[in-house]
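Contents: one structure, followed by commentary.
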Amino acid sequence: MDVPFPSAARVAPPAPRHRRLSPEAQLAELARLSAPTFQAHLARAGLPALTAGPLRVLQVNVGKLCNQTCRHCHVDAGPHQVEANMAWPTFAACLEVARAARPPVVDLTGGAPELNAHFRRFVHEVKALGVREVIDRCNLTVLLLPGQRDLVSFLAEHGVHVVASLPAVNAAQTDAQRGDGVFERSLEGLRRLNAAGYGQPGTGLELTLMSNPSGAFLPPPQAAQEARFKALLRERHGIVFTRLVELTNMPIHRFLEFLLERDDLERYVGALSQAFNPAAVGGLMCRDTLSVGWDGRLYDCDFNQMLELEVAPAEARTIFTWRDELLAERPIRVARHCLGCTAGQGSSCAGATSASSV
Amino acid sequence: MTYYEHGDLARFPEIGKDAPHLAEAFFAWYGKVFAEGALTKREKSLIALAVAHAVQCPYCIDAYTTGCLETGSNLEEMTEALHVAAAIKGGSALVHGVQMRKKAAQVSM
C-alpha cells in the first residue's frame, strides 16, 4: 500500500481513544432514535422519494490517510489509516468514467487527498480531459508538510479549485475540532495559497473555505458568516478568500461517537429534525453526485460511503462496472443521517442548499 | 417535581393553553424581535445572552448559548457579552452608592 508521507503521523494529534462503531452499528444507533425518519419528513412535506438526476459531480474519495484527526470527521480519517487508500487502477477507472460521462466537476476528497501517492498524476490527467472544475478538499496543514512544499504551486499550475477547511476564525474553536496548533498552521497554509494567487481577484484561482460547527449545533447563516470571516481574516491576518460554505456536522463515525459519549445523539438529531427545511431538498448533493470510495465502490454521497450504503443498482456498484443507464434516475439510499443535509439552510459539499432556513 | 427541569423549555408553548390569544401575540412579537433588522440575528443573540445572565434565566441561557453559536459567535465574544451584563449589574449596584452618600450626608453631622 502506498504511504507516501509517513512523517505525517508526527504532526498530527494521536487518534482518539473512543469506541469505534461499524457502519452497521452506526445505522442501528440512528434507527433507534425517536425523531421521524427522513422518508417521513419528505412525505409530510409532500415531497417524493429522492432520485438521482444528471451527473454533475464525480466525487472521488481517494482514501482515509490524513495528517489530522479531527473530532467531527465522518470519515474516521487519520495518520493511522494507512490501508484504505486508492490504488492507481481505481484512479484509472475514474478517469475512464470521467471521459465517458463528462461531469463538469471532479471533486477530490479524503482523508487528505494530497497524501495519496497518485494524487498529482490523477489531477494532471483529469485536467487533460478538459473537466471544467477540479476540486481539492484540503485541510490546509498538509501544505506545510516537508514532502508537500511544492503542492501549492502544483495546484495553482493546474487551476485546481481549493476547498479548504476552517471551522472558525479563532484558535480555540478551530483547535478544539481539528487539533492543537491547527489554527495557526491553517493560517500559514492560507497565506501560501494567497501568495500563489488563490483567493485573489483576477487570478481565476478559487479558494473556498469550508466551515463545520465546532460542536453539536447548527451552522450559522452562510452569507452572514462569510462576511464575518472575510472581514476578520483580512483585518487580523491579511488573508483573502473567494467564498465560505457551511456544512452541518453529520452524525456519522467520529462525530456520532462524540454525541454518544455525551449522551447527546437524541437531542442533536431531534434538532436536525425540528429544523427540517423542505426548501433545502431540491439542492441536495446526492441528486447530482456520484461518490467513489477508495476501493472503487459507488455511493450517492460521501456520507453514505462512510455508512457503506452503496448505490441502489446492484449491477453498477463499482467504478469498474459503472453504467450510466443503470445509475441515472436511481433511487437515493437514505437514513436518518440525511436530516443533516436538510436542516436549516441545508448542507452539502457546496454549502447551503437553500437561500434561507425558513 | 423540581424547578428548572431541562425539558421544560420545549414545553414553553403550553403557556398558551389558558390564554391562547395572549400567547399567540407574544410568540409572534418574539419572532419579529429576533428577525434580522437594523441589528443582525447574531447581535441580537449576544444581547439576549447577556440579558439572560442578568435576569438569571437558565432556559434563556441554554437557548441563547446555542443561539449565539448557531449565529456564528464564539466563546470569546459570548464571554465579553456577559461581562457587559455583569458590569451593568455591578455598576447599577455601585452607582446607588451616590444615593447612600447623599442620605448619609443628610443625616450626619
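The values are calculated or read from the model by the stated rules, or taken from the named source; none is laboratory data. It should be emphasised that the depicted structure is a prediction, and the values quoted were computed from it without experimental measurement. For neighbour counting, all protein chains shown are included, and Cβ atoms are generated from backbone atoms with ideal geometry for every residue, glycine included. SASA here: full protein model, heavy atoms, side chains in, ligands and nucleic acids out. Shrake-Rupley method; radii C 1.70, N 1.55, O 1.52, S 1.80 Å.
Amide H to amide H, with H built 1.01 Å from N, A:L244 comes under 5 Å of A:L209, counting only residues 5 or more places away or on other chains.
Using the Cβ-Cβ distance between B:I61 and B:A35 with R0 set to 22 Å, the FRET efficiency works out to roughly 0.50.
In segment A:217-269, what percent of the accessible surface is made up of carbon and sulfur (1.4 Å probe, ligands and nucleic acids excluded)?
Values: 1050 of 2060 Å².
That fraction is 51 percent.
The label point for B:H6 and the one for A:E96, both projected 7 Å from the Cα toward the Cβ, are 5.3 nm apart.
Couplings for segment B:63-71, taken from phi via the Karplus curve 6.51 cos²θ - 1.76 cosθ + 1.60 with θ = phi - 60°, read 5, 8, 5, 5, x, 5, 5, 7, 9 Hz in order; Gly and Pro are left as x. Within a Cβ distance under 14 Å of A:R323, other residues only, what is the Lys/Arg minus Asp/Glu net charge? Combined, the nearby Lys, Arg, Asp and Glu give -3.
If you average the C-alpha positions of segment A:74-107 and of segment A:119-159 separately, how far apart do those two centres end up, in angstrom? When both Cα centres are located, 14 Å separates them.
Between B and A, roughly 800 Å² of accessible area is buried in total, ligands, DNA and RNA not counted and the probe set to 1.4 Å. Based on protein heavy atoms only, segment B:38-108 ends up with 63 Å² per residue of surface accessible to a 1.4 Å probe.
Three principal axis extents of the protein assembly as shown based on alpha-carbon atoms, in descending order, are 97, 50, 43 Å. Summary value for chain B: 21 percent relative contact order, contacts being C-alpha pairs under 8 angstrom separated by 6+ residues. The stretch between A:A355 and A:E235 holds 40.4 nm of extra length on full extension. This uses 0.36 nm per residue minus the Cα-Cα distance.
Please check segment A:215-259 for residues whose accessible area, probe 1.4 Å, is lower by 40 Å² or more when all protein chains are in place than in their chain alone. Buried on complex formation: A:F217, A:R228. On a per residue basis, segment A:249-290 carries 34 Å² of accessible surface, using protein heavy atoms and a 1.4 Å probe.
Per the Cα gyration tensor, chain B maps to an equivalent ellipsoid with semi-axes of 33, 21, 15 Å, ordered largest to smallest. Taking 0.36 nm per residue of separation and subtracting the current Cα-Cα distance, fully stretching the chain between A:A172 and A:D264 would add 30.9 nm. Take the alpha-carbon centre of segment B:80-104, take the same for segment A:299-358, and report the distance between them in whole Å. Each part's Cα centre sits 57 Å from the other's. Here segment B:1-76 exposes an accessible surface that is 65 percent carbon and sulfur, computed with a 1.4 Å probe and the other protein chains kept in place. Our summary gives chain A a relative contact order of 23 percent, counting only alpha carbon pairs under 8 angstrom and 6 or more residues apart.
Choose one of B:Y59, B:G91, B:T40: the residue whose Cα lies farthest towards the positive end of the charge dipole of segment B:38-108 (beta-carbon charges +1 Lys, Arg; -1 Asp, Glu; about the Cα centre). Value: B:G91.
Near the amide H of A:D107, within less than 5 Å, lie the amide hydrogens of A:L58, A:Q59, A:V60, A:I135, all on another chain or at least 5 residues away, with H placed in the peptide plane.
In segment B:69-89, the residues whose accessible area drops by at least 30 square angstrom when the other protein chains are added to the isolated chain are B:L69, B:E70, B:G72, B:N74; the probe is 1.4 Å and only protein heavy atoms count. Between A:A28 and A:V82, the modelled label-to-label distance comes to 3.1 nm, taking each label 7 Å out from Cα in the direction of the beta carbon.
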